[in-house]
């Protein structure tokens, strides 16, 4: 969500800060700002609503110079999208603060600080951080101690960076709930909410742990844990490759990432999938010993990752003979649940920092789950560090807010998990061989499916004047229908709902008319005939259908039905294959609607607030 960049150096850091913000644009935001400690000792701030480029243009009009600075892209939680609410926030022209997260008790803090004479100029919760730190500094504390004392008052989540005009040689940062990563340079050091922001200046990172407070100078980084004890955190060398300006000739990142899926799936399988089996311990050291004891799997996720988990439930129960539950993380963490004996908790997240999912993992540890596994795309993220086992999806940087390649690699991971767990629970050799064979063919099948792009682009024109739609699927295609509906609403702003097609007769048929397009996913499987009956129910009521069907499923286009043939594939990988045309449909409809495909309104890439 919000993006943070900070730097302490000998050189002017303005360009480093602005480039870092550009690299975090994909996370979603509505305003941006920068604060610098100038060489004459003054504290300068520039803020703008809108795109980072607005801020870049404003900075270019002046001569801002500073060797210590902080910058921020804001995704509004408290207060509207105004320059006054944009970060950084000041206190008494001395303290500057940027902050990701939510300070839940900010109202009581504001009241207390007002009584002490502080004036608030924004509607944000963040301004209370600035004034709280300033109050500690007035009492004689160092910046480090002022932050350590202040954070004890805060309830909620925060990743925050604080700068003091009277101590220009350092930044102090604190992390609780919202991620922060320190970048190590030569005679200069950096801080960011995401390592992507710092890749132009360093490849060496320290990922702060929950409750950490750190002091950063040009020469030194000092980290203290939640108890105030000096600690050493591991330095990780990053091999992440990403150029935030490289769309590789595609019009949008989303389209590029859709077309990258054959490659990233190959990467996810490479070194993990053998000719006849998966390789040992691809989920982490000792995973096979843990899996031998598993009798139940509980999956926790949000958004697109939740749909991956829903699909996995079909596979785990059908093939691996393991009972499986799936729950939205924000619901799981706030209700009483029963923990099954020998239960494995599986979390899924593209970023590894999804606040609700991370909180659910921490709760699960208290509840007594036997072990935990995360399926994630970011090495070094909080979910990876805090889980017992981890499977890295190797999808590469995903810039488009609407997830595509992260989703298909998550599904690929779950098919391999199905084999790993099924070995200990009666997975038949026939099913195992079918899944292995299907996985080997998956990258090439994805390439074949991408070849139907032109037909989908033509079909999308029929959605130009539509405002609502229904998606239908049966069995393991039902979650894929849900994912298709989510993609369409995310980037085209068309209201879309998904139903298990057998549910039509229990209410949704009331919505059917010629203005309601109905999108159907129809692989040639054991549920095909049932699905065809549901299609006839729509046809009988004047609905217009768009059917993505196996070429052997014998659907034919007519005045009430547009059929796009999808290459035949084996049943285990059909949910992955049928994801592709739905992604393409949403993309081309969004083009027609004229929306911001890569950064749709109101959304953020990495949701690090509750």
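Quick notes
- Rg and Dmax, both from the Cα atoms of the stretch 169-284 and both in Å, are 18.7, 59.
- According to the Kirkwood relation over distinct C-alpha pairs, the hydrodynamic radius of the stretch 309-409 is 14.2 Å.
- Using alpha-carbon coordinates, inclination of helix 127-138 to the longest axis of the chain, degrees: 30
- The ellipsoid equivalent to the alpha-carbon distribution of the stretch 59-176 has semi-axes of 20, 18, 14 angstrom, derived from the gyration tensor eigenvalues as √(5λ) and listed largest first.
- In the stretch 286-367, Rg over Rh equals 0.95, where Rg is the alpha-carbon radius of gyration and Rh the Kirkwood radius from pairwise Cα distances.
- The convex hull around the C-alpha trace of the stretch 128-227, projected and averaged over every direction, spans 6.2 square nanometres.
- Equivalent ellipsoid of the stretch 403-445: semi-axes from √(5λ) of the C-alpha gyration tensor, largest first, are 21, 13, 5 Å.
- Among 447, 275, the ranking by other beta carbons within 10 Å of each residue's beta carbon, starting with the fewest, stands as 275, 447.
- Taken along its principal axes, the alpha carbon cloud of the stretch 39-86 reaches lengths of 34, 20, 14 Å, longest axis first.
- P(r), alpha carbons of the stretch 74-138 - 5 Å bins starting at zero, rounded %: 4, 20, 32, 27, 14, 3, 0
- Compared with the dominant principal axis of the Cα atoms in the chain, helix 405-422 is inclined by about 70°.
- Kirkwood hydrodynamic radius of the stretch 1-97, from inverse mean 1/r over distinct Cα pairs, in Å: 13.1
- Per residue Cα convex hull volume in Å³ - calculated over the chain: 155
- Footprinting exposure proxy for 222, 408 (fewest neighbouring C-beta atoms within 10 Å first): 222, 408
- Once the Kirkwood radius over Cα pairs is known for the stretch 490-598, the Stokes-Einstein relation at 10 °C and 1.306 mPa s delivers a diffusion coefficient of 107 µm²/s.
- Here the stretch 363-395 is scanned for amide nitrogen atoms under 16 Å from the site 7 Å beyond the Cα of residue 281 along Cα-to-Cβ, giving 388-392.
- Computed from the C-beta positions of residue 513 and residue 219, the FRET efficiency with R₀ = 51 Å rounds to 0.15.
- Per residue, the convex hull around the alpha carbon atoms of the stretch 355-437 comes to 109 Å³.
- Taken along the Cα-to-beta-carbon direction at a fixed 7 Å, the label points for residue 560 and residue 232 span 7.3 nm.
- Mean projected area in nm² (Cα convex hull; one quarter of hull surface) for the stretch 479-519: 3.0
- Two-site FRET efficiency, residue 493 against residue 93, from Cβ-Cβ distance with R₀ of 41 Å, rounded to 0.05: 0.45
- Mean Cα-pair separation over length for the chain, i.e. relative contact order, pairs under 8 Å, 6 or more apart, %: 12
- Difference of contour (0.36 nm per residue) and Cα-Cα distance, residue 295 to residue 541: 84.0 nm
- Across the stretch 229-383, the convex hull enclosing all Cα atoms gives 174 Å³ per residue.
- Among 463, 190, the order by Cβ neighbours within 10 angstrom, fewest to most, reads 463, 190.
- Calculated diffusion of the stretch 374-413, Stokes-Einstein form, Kirkwood radius summed over Cα pairs, 25 °C and 0.890 mPa s, µm²/s: 234
- Debye log10 I(q)/I(0) at q = 0.11, 0.15 Å⁻¹ for the stretch 398-527, Cα point scatterers: -0.52, -0.91
- Span from the the stretch 40-115 Cα centroid across to the the stretch 270-337 one, whole angstrom: 42
All of the numbers you see were taken from the coordinates with simple rules; none came from a lab. What you are looking at is a predicted structure, and each value in this text was computed from that prediction instead of being measured. In this analysis, Cβ positions are derived from the backbone assuming ideal geometry, glycine residues included, and neighbour counts consider all displayed protein chains.
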